[in-house]
1. Condition first: surrounded by 10 or more Cβ atoms within 10 Å (Cβ to Cβ) and either part of a strand (DSSP E or B) or at pLDDT below 90 (or both). Now tell me which residues in the stretch 36-62 satisfy that.
2. Output the number of residues of the stretch 7-26 satisfying the condition of being in contact (Cβ under 8 Å) with a residue 12 or more places away in the chain and within 16 Å of the ligand (Cβ to nearest atom).
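The values are calculated or read from the model by the stated rules, or taken from the named source; none is laboratory data. The structure displayed is predicted, hence computed values, not measured ones. We place every Cβ from the backbone using ideal geometry, glycine too, and count neighbours over all the protein chains shown.
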Ligand SMILES: [Zn+2]
């Protein structure tokens, strides 16, 4: 993942925990979890990943 700063204290001593995945009709969310070693806060980042484009294939040969 990209370099991060703690949103609570601005520190960069951050460890990444195992991410979660939530499946939806229109795709899925990946939820990244981090913990700050400076202030011991935890925070998340949600990345929405639509699947529509993945299944949109060229049907030219059919
Ligand atoms: Zn912090």
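1. 36, 42, 43, 44, 45, 46, 47, 48, 49, 50, 51
2. Within the stretch 7-26, the subset in contact (Cβ under 8 Å) with a residue 12 or more places away in the chain is 7-9, 11, 13-20, 26.
Among the residues that remain, those that are also within 16 Å of the ligand (Cβ to nearest atom) are: 7-9, 11, 13-17.
The number of residues fulfilling the criteria is 9.
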